[in-house]
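Inspection log for the structure reproduced underneath, given as structure tokens.
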Amino acid sequence: MKKILPILLSSLAAAASVNAWQDSFEGSISQWESSEGSSLRSVEQGAGVPAAAITDGVKCLELTGTKGHAWNQLANRKDLTTQIKTSTTLSIDLYVPQSSLPDSGWAKLQLRMYGGQGGGATFDITKDIELDLYAEGGKSYHVMWDYAADPAFKSDVYWAHVGIVSIASAGSMSPVYIDDVQFSDAHQIEAELQTDAFILGDEWSLIWNDEFDGEKGAAPAEHWRPGAIWRNDGTWRDSTLAHEEAYLDGKGNLTMRTRYKDGKRLAPYLVTSEDGTYSKEDSITFGPGEDGIFIEWRANVSQFKAHAAWFALWLFSDNPYAGDAALGSEIDVMEYVPYEGENYSVMSKFNAAIHIKDGGMNIKPPQPYGLVTFDETVWNTWGLYWTKDIQVYYLNGEPYWINRNKQYISTDDTHGIRLTVEIANGDPAKGNKNHWGHAVGRFEDNAADKLPSYAYVDYVRVYRKNAK
Ligand SMILES: [Ca+2]
Ligand SMILES: [Ca+2]
């Protein structure tokens with residue numbers, strides 16, 4: 001017990017302050033520096049300031065640029081080295097009046113962070129915020145930047161600065177407003193969410209599950225339907241939809257097999273809903289509801305080693321990428337993309353992400369490249385705790401991603417659960433790389449010990465927090 005106690009105490013202390021540092025511009029702004037081409041002032045509610053510019057308290061910071069359309073560092077702050085080194089995430093509220101923007105062309109703001117050990121910077125990283133020129137009157141932007149996940153970020157520095165830069169195709173780009181600047185550590189979390197043990201309490205109920213019990217070789221239950229957003233010929237990317245490649249193993253698991261047979265790359269792709277293609281009666285969908293939900297998958301990819309294929313546990317809306325971006329979000333809890341080359345291996349890593357536009361905007365866990373390390377040789381359990389305000393992603397009961405970025409948290413209940421295998425051969429014109437950037441070659445050229453490949457799922461369980 002003596003050995004455990006200090007760890008327990010330090011984790012409780014960490015949980016006590018989720019947000020390590022905040023400036024809401026209610027007091028002095030003397031630590032914020034203007035540049036040659038900019039000026040700063042604290043402004044108050046009323047006083048001609050757009051109401052949406054103040055998101056915390058009664059004041060915010062107004063940044064005025066004088067350099068026209070050129071690159072312009074509007075503000076800089078030099079006293080946050082410790083916060084930068086010990087946090088992972090910078091969040092900031094921005095408000096940009098439409099009158100500050102060019103009539104056409106483009107404009108963006110940039111968060112900039114740079115630091116070093118001596119005179120020169122050893123890292124200099126930025127996050128772009130593309131501004132909407134056509135938002136009537138102006139627009140608010142709540143920005144979260146997991147800067148520590150940027151591979152170029154270095155925490156072993158003696159100094160580090162944070163700045164705000166404006167760049168536009170024309171116009172003065174001013175004024176713009178900022179409020180509620182926070183540094184936080186994405187690994188810190190409220191005490192009750194530090195493990196997934198809360199689902200065992202009286203406040204939670206199991207509302208849906210599949211334990212995959214049944215006779216060996218039997219098809220999975222009917223609520224697992226074949227993916228339907230496939231081409232008319234039953235193919236998707238380089239795979240052929242093969243529902244019969246998903247079957248029970250007779251020991252309480254679903255087997256998902258992928259193989260090359262008769263010139264086809266067979267892949268099972270199981271969904272509980274699809275793009276409105278299946279009727280409401282034939283679909284099962286989930287979302288955070290009013291009180292929160294927890295979705296849990298137990299799976300094993302130890303026999304899933306074929307390059308050019310990947311296995312995923314995820315959720316997808318029936319109204320994908322349409323209307324309100326958050327309604328269409330794709331929630332990739334776990335994507336296993338086995339690959340090992342001369343230079344690197346991702347055999348022991350999985351990918352996670354949220355996409356709110358197809359092929360476009362996404363966010364990832366705060367690990368480098370968004371990749372989470374795990375033991376791919378054993379069974380693992382993935383969990384998603386999901387309310388309208390937060391998503392916590394668990395691996396074997398420990399959070400690997402805490403997403404508080406509400407822009408990327410869907411609040412609707414239209415998300416079907418998916419267990420999928422997909423295949424994309426390498427493109428000879430691009431060094432045989434697939435769209436993950438891995439030089440996978442062709443699926444059918446995998447060594448004999450990798451084909452067929454198998455992923456196994458022990459269960460999928462969904463819990464809902466009881467209404468108060
Ligand atoms: Ca404020
Ligand atoms: Ca089972």
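The values are calculated or read from the model by the stated rules, or taken from the named source; none is laboratory data. Computed from a prediction, not measured in an experiment: that's the story for all the values here. Backbone-built Cβ (ideal geometry, glycine too); neighbour counts: all protein chains shown.
Here's the yes/no breakdown for (1) in contact with a strand residue (DSSP E or B) (Cβ under 8 Å, 6 or more places away or on another chain); (2) aliphatic (A, V, I, L, M); (3) buried (at least 16 other Cβ atoms within 10 Å of the Cβ):
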position	(1), (2), (3)
GLU190	no, no, no
GLU203	yes, no, no
GLU211	yes, no, no
ALA218	yes, yes, no
THR255	yes, no, yes
LYS261	no, no, no
LEU270	yes, yes, yes
Residues of segment 31-73 satisfying the condition of being within 9 Å of ligand 1 (Cβ to nearest atom) and under 20 Å from MET113 (Cβ atoms):
LEU61
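Does TRP297 satisfy the criteria of being within 16 Å of ligand 2 (Cβ to nearest atom), in contact with a strand residue (DSSP E or B) (Cβ under 9 Å, 6 or more places away or on another chain) and assigned by TED's automatic domain parsing to the domain that holds GLY397?
Spelling it out, TRP297 is indeed within 16 Å of ligand 2 (Cβ to nearest atom), in contact with a strand residue (DSSP E or B) (Cβ under 9 Å, 6 or more places away or on another chain) and assigned by TED's automatic domain parsing to the domain that holds GLY397.
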Could you pull out the residue among ALA148, ALA160 that is at pLDDT 95 or above, in the same structural domain as SER100 (by TED's automatic domain parsing) and surrounded by 14 or more Cβ atoms within 10 Å (Cβ to Cβ)?
ALA160
For segment 51-106, name all the residues that are closer than 20 Å to SER172 by Cα and of a type in the set (D, E, K, R).
GLU62, LYS67, ASP103
What pairs come up if the first residue lies in segment 71-94 and is assigned by TED's automatic domain parsing to the domain that holds LEU109 and surrounded by fewer than 20 Cβ atoms within 10 Å (Cβ to Cβ), the second is at pLDDT 95 or above and of a type in the set (S, T, N, Q), and their beta carbons are under 6 Å apart, counting only those six or more places apart or on different chains?
ARG77/GLN31; ASP79/GLN31
Which residues, taken from segment 144-176, are over 27 Å from the mean Cα position of the chain (by Cα) and of a type in the set (A, V, I, L, M)?
VAL157, ALA168, ALA170, MET173, VAL176
Checked segment 220-248 for anything surrounded by 16 or more Cβ atoms within 10 Å (Cβ to Cβ) and either of a type in the set (Ser, Thr, Tyr) or touching a helix residue (DSSP H, G or I) at 6+ places or on another chain (Cβ under 6 Å) (or both); matches are PRO226, SER239, THR240, TYR247
Scan segment 201-227 residue by residue and report those that are closer than 14 Å to VAL421 by Cα and small (Gly, Ala, Ser).
GLY227
Does THR55 meet the test of being closer than 29 Å to ASN403 by Cβ, more than 16 Å from ligand 2 (Cβ to nearest atom), at pLDDT below 95 and assigned to a loop (DSSP other than H, G, I, E, B)?
yes
Exactly one of these conditions fails for ASP375: (1) at pLDDT 95 or above; (2) buried (at least 19 other Cβ atoms within 10 Å of the Cβ). Give me its number.
(2)
Would you please list the contacts, defined by Cβ atoms under 8 Å and residues six or more apart or on different chains, that run from a residue in segment 230-245 that is assigned by TED's automatic domain parsing to the domain that holds ARG442 to a residue that is surrounded by fewer than 18 Cβ atoms within 10 Å (Cβ to Cβ) and part of a strand (DSSP E or B)?
THR240/LYS264; LEU241/PRO226; LEU241/THR235; ALA242/LYS264; HIS243/PRO226
Which of the residues belonging to segment 87-104 are outside any strand (DSSP E or B) and under 21 Å from the mean Cα position of the chain (by Cα)?
SER87, THR88
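Scan the strands (runs of 3 or more DSSP E) fully inside segment 156-265 and keep the ones with 3 or more residues being within 30 Å of GLN110 (Cα to Cα) and of a type in the set (Gly, Ala, Ser).
159-168
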